[in-house]
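The values are calculated or read from the model by the stated rules, or taken from the named source; none is laboratory data. Keep in mind that what you see is a predicted model, and the values were worked out from it rather than measured. Here the Cβ positions follow ideal geometry from the backbone for every residue, glycine too, while neighbour counts run over all protein chains shown.
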Amino acid sequence: MRIDEYGFGRIVIDGKKYTTDVVIYPDRVDSSWWRKVGHELRVDDIEEAIRERPDVLIVGTGSPGLMKVLPDTRVRLRQEEIELIVMPTEQACHTFNEIVGAKKVVACLHLTC
């Protein structure tokens, strides 16, 4: 998987355009992902990503970075020994592309605010 392009409200992954928040797994893209509380990332929101057992979970917090990763979520990822990288979505896309071949990566990307 490779992120070809990101702009506010849209992303292109391996040539396919998405206009909703996405989770990029090693073998697929989930474009139906949404959080229970819009700008809070809770453990429940990433259970499937945790089950994937990635080395790294990248969280794109939106264009201006308004989405927050809750403390309980950070604790759970540490317990699962999953490295967490949190940054605005544009930077998260670049980071994903830099490490995707070297490590097993899952990216949860909020595309708007």
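Assorted remarks:
- Odd one out for Ile82 among (1) under 11 Å from the mean Cα position of the chain (by Cα); (2) at pLDDT 95 or above: (1)
- Filtered by the rule that a residue be among the β-branched types (Val, Ile, Thr), out of contact with any strand residue (DSSP E or B) (no Cβ under 6 Å at 6 or more places or on another chain) and at pLDDT 95 or above, the range 27-45 gives a lone residue, Val43.
- So Pro54, is it within 18 Å of Ile3 (Cβ to Cβ) and either modelled with pLDDT of 95 or more or surrounded by 14 or more Cβ atoms within 10 Å (Cβ to Cβ) (or both): yes
- Flag for Glu5 being over 17 Å from Val105 (Cα atoms), in contact with a Lys or Arg (Cβ under 9 Å, 6 or more places away or on another chain), without any contact (Cβ under 8 Å) to a residue 60 or more places away in the chain and not β-branched (Val, Ile, Thr): yes
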